[in-house]
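Colleague: Before I ask anything, let me first share the structure, which is written out below as structure tokens.
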Amino acid sequence: MKDATNKIVILLSLLMFAAFTASSQTITMSGYVKDEGSKEVLINAVVIDPITKAGTVTNEYGHFALSVRVTDTIRLVISYGGYQPYAVKIAGTEITPLDILLKRQENMLQEITVSAGKNYDNVRKAQMGVIDIPMKAVKELPVLLGERDILKIVQLLPGVQQGQEGTSGFYVRGGNLDQNLILLDEATLYNPNHLFGLFSTFNVNAVNSVRLIKGGFPAEYGGRLSSILNITMKEGDKTKYHAEAGIGLLSANLTMEGPIQKNKSSFIVSARHSYIDLLLHPLTSNTTSYAFYDLNAKINYELGVRDHLFLSAFRGNDNASYTGANSLNYNINFGNNTATIRWNHLFGSRVFSNTSLIYNDYHLQLGSTQTNYYEVLYTGIRDINAKADFTASLGTKHTTKFGINYTYHTLYPAAVSAKVPKKGNRISINKDSITQLYSNESAAYVNDDFRMWDRFSVNYGIRVPFYYAAGKAYAFVEPRITLQYALNPRTSIKASYTKMNQFVHLIPNSTASLPADVWLSSDKLLQPENSTQIALGLFKNFRDNEIEVSVEGYYKTMKNQVLFKEGTQLTLNTNIDSQLTFGKGESYGIEFFVKKSFGRLTGWFSYTLSKTTQQFPDLNFGNPFPASFDRRHNLAIVATYDFTKHWTFSADFVFSTGKPYTLPAGKVIVYGAGSLYDEYYYDYTNRNNSRMSAYNRLDISASNKKQHSFFGKFKYEREWVLGIYNVYSRQNPYFVYLTVDPVTKQPQAKQVSLLPIIPNISFNIKF
């Protein structure tokens, strides 16, 4: 494997040298594409040279750089879905950064409105496993209790699986939930969920764009094995003040935005708070309490034509408790805090730079009791991150990115599980008393996107991460390459190879029914996880690119996977590293995706057939077993129909194979002793030897939007949203727990279902 990696590194170095030596007489046009009214930047706007057909798209800051041949007059055509196409002529000697303002096409039919903004990157670009999630879908598709949610849309994509109803996170191509790098304005969110994952902490009203990368990773990303979910916040309107508010069955929200200095700087503040307790009490026979909130804020300044400064922050928190007649009780508190300072600078017209200083802080505190045993857990991570990224446009078909970053991690892991004392107090955990774990993570990378000729392009790069903790240092070379070959203008074949390493780990506690997982850092014993992924795909567009179709197959191997040993019961003084066991994983599958983005009927079909196994010498007698997030079949059908100018109908249907879990084959009574279930030891044979019931659900919704005005002047838009979650009231498993029948004294596995059919209604107003 090392020889193969070395050969790939040498090949990438030769390709990079060839790309740098290929040159022609060009000039680079650069600038920003913005909404004419609000001056908000437009991400993924298409910029094309109509003569050479060379093109590019704006980055996450709305910036573009396009090298074109030198002529007396240069023409560019800029387009974006929902906006009028814009053609501009520039003198061949003009290199001042451009500010291109696009007008909305609100009064035109949708088919005409969006056709000018079609992006062919899914076929023409050397990238795989990349999906840009339309904000229109996020705002219109039905979700639980009307809460518009990004992660619920992500879970409907190919290669992505949700956990069983009631768990947090999502799983991508056989990776655990901690193997997804989730970024909000470049800050890492370690648990981006509310209500145990039923919906996310991301307030849609504050979000500008969402991109998922699940394979063929560019070299700029690292530190995770499975996916990158990159979310950017809105900047705020630079010309007018606006407010938007909404109220549903779970929460109320308020967003305000406007200029600080007109056309130069702006702000946006968005807040959401729940009153879910009022809903849960009538629906459940148990005493349940839940409250959450989140707050987004951002300020941006245009310091000049070449310099932009951004300040953004996020805070979210959940508090929950449960007291049940089934002897299971818990209380939980978790949350995220982030802050980001970013500076964009243009060096001439060819080089765009972004320098960032980022802070994030995550914690989870859990206390639970079942029968006569209790568990207390605290896990937290605090990061300070500095990074610098550069993008250079080196020719009409050649773009290079390079950069460095450094992160200082502080981890707070602690857990206790013990028998409830007959006298005295239970052990508690104070954050200040936890032994902190410190680590340093840094990386340098270079990535090149090079179209060698009309039919063939390559995106390749090398990332070199370095990690130091507890007297142990790790350094790796991570080659990345994606190849694209066009069979015709609407069809291409792509292949990719990626190596990744991960240095912080979320250790799943398989004995717990709640999210009692602990974050740990790599050290002498806990080696970094690593993966190698190869993928091959066919991509084709139909009907003038209105319908996108793709088939991707992948194979991924994962080493240094980590779990707790069987029967682990933690005490406050336990060395957690000593309770770990290490193994490997394997995942492979095929993904089918059909997407229609234009017209009155939009949506997609997604189906994934996959298998994920793990193998640990100390578990399951050393034999392979299904991973806890292995689900053979995953199907999602999503549709939105604009029935009239005011009415929109949406629906989604999901089906997936049940989640595996472990059932004991028998039990042994040991009087005077005990385990998690008093005086009973259970005999386990195969790990994950059973599966929960298959998961399936249908959701529907309808929204009605209208514009009104007070006294013919003050205009506002109101929206009513009506929906039904779980239309046929499927009793999907929330979790399964073991108990002992009080009469027969036999062990029983009981399924707990959380959400029956739930109608919802919400109201939104924007002015």
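The values are calculated or read from the model by the stated rules, or taken from the named source; none is laboratory data. Given the structure is predicted, the values throughout are model-derived calculations rather than measurements. Positions of Cβ are backbone-derived with ideal geometry, glycine not excepted, and every protein chain shown enters the neighbour counts.
Colleague: If you take just the strands (runs of 3 or more DSSP E) that sit entirely in segment 123-212, which of them hold at least 3 residues that are not hydroxyl-bearing (Ser, Thr, Tyr)?
Modeller: 130-132, 160-162, 180-184
Colleague: Filter segment 319-334 for residues that are surrounded by 16 or more Cβ atoms within 10 Å (Cβ to Cβ) and either modelled with pLDDT of 90 or more or hydrophobic (A, V, I, L, M, F, W, C) (or both) and give the result.
Modeller: Scanning segment 319-334 gives Ala320, Leu328, Ile332, Phe334.
Colleague: On the basis of being touching a residue at least 40 places away in the same chain (Cβ under 8 Å) and buried (at least 21 other Cβ atoms within 10 Å of the Cβ), does Leu98 make the cut?
Modeller: Details: touching a residue at least 40 places away in the same chain (Cβ under 8 Å): yes; buried (at least 21 other Cβ atoms within 10 Å of the Cβ): no.
So Leu98 does not fit the description; no.
Colleague: Let me ask something else. How many of the residues in segment 56-75 are under 17 Å from Val351 (Cα atoms) and not aliphatic (A, V, I, L, M)?
Modeller: We begin by selecting, within segment 56-75, every residue under 17 Å from Val351 (Cα atoms); these are 56-68.
Subset that is not aliphatic (A, V, I, L, M): 56, 58-64, 67.
The qualifying residues number 9.
Colleague: Checking the condition without any contact (Cβ under 8 Å) to a residue 60 or more places away in the chain, closer than 26 Å to Gly585 by Cα and among the aromatic types (Phe, Trp, Tyr), which residue from Tyr497, Tyr554, Tyr474 passes?
Modeller: Result of the check over Tyr497, Tyr554, Tyr474: Tyr474.
Colleague: If you check Phe735, Phe767, Phe711, which single one turns out to be more than 30 Å from Leu249 (Cβ to Cβ) and either surrounded by 15 or more Cβ atoms within 10 Å (Cβ to Cβ) or modelled with pLDDT under 85 (or both)? It would help to see each step written out before you state the result.
Modeller: Values: Phe735 fails: more than 30 Å from Leu249 (Cβ to Cβ); Phe767 fails: more than 30 Å from Leu249 (Cβ to Cβ).
Just a single option satisfies the conditions, and that option is Phe711.
Colleague: Among Gly367, Gly380, Gly316, which is of a type in the set (Gly, Ala, Ser), crowded, with 16+ Cβ neighbours inside 10 Å and over 25 Å from the mean Cα position of the chain (by Cα)? Can you show your working first?
Modeller: On the way: Gly380 fails: over 25 Å from the mean Cα position of the chain (by Cα); Gly316 fails: over 25 Å from the mean Cα position of the chain (by Cα).
Result: Gly367 is the single residue among Gly367, Gly380, Gly316 that is of a type in the set (Gly, Ala, Ser), crowded, with 16+ Cβ neighbours inside 10 Å and over 25 Å from the mean Cα position of the chain (by Cα).
Colleague: Are any residues in segment 55-80 at pLDDT below 75 and assigned to a loop (DSSP other than H, G, I, E, B), and if so, which ones?
Modeller: Residues satisfying the conditions are Val70, Thr71, Asp72.
Colleague: Ok, one more. If you scan segment 183-203, which residues turn out to be among the aliphatic types (A, V, I, L, M) and under 30 Å from Asn344 (Cβ atoms)? First the steps, then the outcome.
Modeller: So the first thing to find is which residues in segment 183-203 are among the aliphatic types (A, V, I, L, M), and the list is 183-184, 187, 189, 195, 198.
Once the filter is applied, which keeps residues that are among the aliphatic types (A, V, I, L, M) and under 30 Å from Asn344 (Cβ atoms), segment 183-203 yields Leu183, Leu184, Ala187, Leu189.
Colleague: For segment 245-261, name all the residues that are in contact with a Lys or Arg (Cβ under 9 Å, 6 or more places away or on another chain) and free of Cβ contacts under 8 Å to residues at least 60 places away in the same chain.
Modeller: Across segment 245-261, the qualifying residues are Ala252, Asn253, Leu254, Thr255, Glu257, Gly258, Pro259, Ile260, Gln261.
Colleague: Residue check: is Tyr83 more than 25 Å from the chain's Cα centre (by Cα), modelled with pLDDT of 80 or more and hydroxyl-bearing (Ser, Thr, Tyr)? Steps first, please.
Modeller: Values: more than 25 Å from the chain's Cα centre (by Cα): yes; modelled with pLDDT of 80 or more: yes; hydroxyl-bearing (Ser, Thr, Tyr): yes.
Considered against the rule, which asks whether it is more than 25 Å from the chain's Cα centre (by Cα), modelled with pLDDT of 80 or more and hydroxyl-bearing (Ser, Thr, Tyr), Tyr83 comes out as yes.
Per-residue answers, yes or no, for (1) among the basic types (Lys, Arg); (2) modelled with pLDDT under 85; (3) within 17 Å of Trp604 (Cβ to Cβ); (4) not assigned by TED's automatic domain parsing to the domain that holds Phe735:
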| position | (1), (2), (3), (4) |
| --- | --- |
| Leu141 | no, yes, yes, no |
| Leu156 | no, no, yes, no |
| Gln161 | no, no, yes, no |
| Gln164 | no, yes, no, no |
| Asn180 | no, no, no, no |
| Asp185 | no, no, no, no |
| His194 | no, yes, no, no |
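Colleague: Hey, among the residues in segment 355-364 that are touching a residue at least 60 places away in the same chain (Cβ under 8 Å) and surrounded by fewer than 21 Cβ atoms within 10 Å (Cβ to Cβ), which one's farthest from Asn193 (Cα to Cα)?
Modeller: Applying the first criterion (touching a residue at least 60 places away in the same chain (Cβ under 8 Å)) to segment 355-364 yields 356, 358-360, 362-364.
Still in the running and surrounded by fewer than 21 Cβ atoms within 10 Å (Cβ to Cβ): 356, 359, 363.
Details: Ser356: 25, Tyr359: 19, His363: 13 Å.
Going through the qualifying residues, I end up with Ser356.
Colleague: May I pose another question? For the condition among the aromatic types (Phe, Trp, Tyr) and more than 26 Å from Tyr290 (Cα to Cα), what is the one hit in Phe217, Phe199? Talk me through it step by step, then tell me what you get.
Modeller: Working: Phe199 fails: more than 26 Å from Tyr290 (Cα to Cα).
Going through Phe217, Phe199 in turn, just one is among the aromatic types (Phe, Trp, Tyr) and more than 26 Å from Tyr290 (Cα to Cα): Phe217.
Colleague: In segment 129-155, which residue that is of a type in the set (Lys, Arg) and over 24 Å from Asn59 (Cα atoms) is nearest to the chain's Cα centre (by Cα)?
Modeller: It comes out as Lys152.
Colleague: May I pose another question? Go over the candidates Leu295, Leu309, Leu278, Leu229 one by one and state the one that is crowded, with 19+ Cβ neighbours inside 10 Å and of a type in the set (A, V, I, L, M).
Modeller: Values: Leu295 fails: crowded, with 19+ Cβ neighbours inside 10 Å; Leu309 fails: crowded, with 19+ Cβ neighbours inside 10 Å; Leu278 fails: crowded, with 19+ Cβ neighbours inside 10 Å.
So the residue among Leu295, Leu309, Leu278, Leu229 that is crowded, with 19+ Cβ neighbours inside 10 Å and of a type in the set (A, V, I, L, M) is Leu229.
Colleague: Can you name the number of the only condition in (1) in a strand (DSSP E or B); (2) among the hydroxyl-bearing types (Ser, Thr, Tyr); (3) more than 12 Å from the chain's Cα centre (by Cα) that Thr232 fails?
Modeller: All conditions are met except number (3).
Colleague: Would you please name the residue that is surrounded by the most Cβ atoms within 10 Å (Cβ to Cβ), looking only at residues in segment 689-708 that are assigned to a loop (DSSP other than H, G, I, E, B) and either of a type in the set (D, E, K, R) or within 27 Å of the chain's Cα centre (by Cα) (or both)?
Modeller: To start, the set of residues in segment 689-708 that are assigned to a loop (DSSP other than H, G, I, E, B) comprises 689, 692-694.
Of the ones still in play, those that are also either of a type in the set (D, E, K, R) or within 27 Å of the chain's Cα centre (by Cα) (or both) are 692-694.
Numbers: Met692: 19, Ser693: 16, Ala694: 15.
Across segment 689-708, the extreme among qualifying residues is Met692.
Colleague: Of all strands (runs of 3 or more DSSP E) completely enclosed by segment 452-501, which ones contain at least 2 residues that are over 30 Å from Gln436 (Cβ atoms)? Steps first, answer last, please.
Modeller: Values: elements: 456-469, 472-475, 478-488.
The qualifying strands (runs of 3 or more DSSP E) are 456-469, 478-488.
Colleague: So which pairs qualify, if the first residue must be in segment 608-620 and in the same structural domain as Ser587 (by TED's automatic domain parsing) and closer than 13 Å to Lys559 by Cβ, the second must be basic (Lys, Arg) and at pLDDT below 90, the Cβ gap must be under 9 Å, and the two must be at least 6 apart or on different chains?
Modeller: Close Cβ pairs satisfying both conditions: Gln614/Arg687; Phe616/Arg687.
Colleague: Criterion first (buried (at least 21 other Cβ atoms within 10 Å of the Cβ) and either outside the structural domain of Gly174 (by TED's automatic domain parsing) or modelled with pLDDT of 95 or more (or both)) does Ser270 satisfy it? Give the steps one after another, and end with the answer.
Modeller: Working: buried (at least 21 other Cβ atoms within 10 Å of the Cβ): yes; either outside the structural domain of Gly174 (by TED's automatic domain parsing) or modelled with pLDDT of 95 or more (or both): yes.
So Ser270 passes the test.
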